[in-house]
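Some notes on the structure that comes next.
We did not get these values from a lab; they are worked out from the coordinates using the rules stated. Note that the structure is predicted; figures quoted are calculated from it, not measured. Heads up, the Cβs are rebuilt from the backbone with ideal geometry, glycines too, and the neighbour counts pull from every protein chain shown.
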Amino acid sequence: MANPANLPVLRQVVLDCTDARSLAEFYRHLLGLTYRPGDEPPPTGQPDEQDRDWLVLTTTDGMPCLAFQQVDHLPPATWPDDPVPQQMHLDLTVPSVEALESQHDRVLSLGGRLLQDRRDDPEEPLRVYADPAGHPFCIFVA
């Protein structure tokens, strides 16, 4: 797609985290993404030199999607309660309520935590989860 106005183009969403590899693995499995070449986990038993800084996940066709930036400390969001708001979240969609139900167990088995359940909402069925680092994300029917 041409960009005649030279507008900025969204490259990826970056999530701060205290364990970049662990969070990247959560989203890699949840969304079926792949690592950017060079960011893959090392062979079993080898040190993970990449996990201390920056990791990128891409779509299957190589487009950057999510990046994970290592930080020393990250207060987890306490949303929907104060004092730490969610600040941003990811919206993920599934095509049906049945798919929403089947994703629930997957999210939990990968280390996600349910924050809010609105699967019975007739207008917009959804569930809000926290990833293992505490970042909220929604899965809703669209």
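Hey, can you tell me all the residues within the stretch 118-142 that are among the basic types (Lys, Arg) and buried (at least 17 other Cβ atoms within 10 Å of the Cβ)?
Passing the criteria: only ARG127.
Anything in the stretch 39-83 that is of a type in the set (S, T, N, Q) and over 17 Å from ARG28 (Cα atoms)? List them, or say none.
Of everything in the stretch 39-83, those that are of a type in the set (S, T, N, Q) and over 17 Å from ARG28 (Cα atoms) turn out to be THR44, GLN46, THR78.
Looking at the stretch 109-128 only, could you name the residues that are assigned to a loop (DSSP other than H, G, I, E, B) and over 18 Å from LEU23 (Cβ atoms)? Explain how you work it out, then say what you get.
If we filter the stretch 109-128 for residues that are assigned to a loop (DSSP other than H, G, I, E, B), which is where we start, we get 111-112, 119-125.
Residues satisfying the conditions are ARG119, ASP120, ASP121, PRO122, GLU123, GLU124, PRO125.
Looking at the stretch 92-134, which of its residues are touching a Cys at 6+ places or on another chain (Cβ under 8 Å) and of a type in the set (Lys, Arg)?
Of everything in the stretch 92-134, just one residue is touching a Cys at 6+ places or on another chain (Cβ under 8 Å) and of a type in the set (Lys, Arg), namely ARG127.
Among residues belonging to the stretch 110-142 that are of a type in the set (Phe, Trp, Tyr) and in contact (Cβ under 8 Å) with a residue 40 or more places away in the chain, point out the one that is nearest to PRO75 (Cα to Cα).
Out of the qualifying residues, it is PHE137.
Got at least one residue in the stretch 100-109 being of a type in the set (A, V, I, L, M), more than 19 Å from VAL13 (Cα to Cα) and in contact (Cβ under 8 Å) with a residue 12 or more places away in the chain?
The answer is yes, given that some residue of the stretch 100-109 is of a type in the set (A, V, I, L, M), more than 19 Å from VAL13 (Cα to Cα) and in contact (Cβ under 8 Å) with a residue 12 or more places away in the chain.
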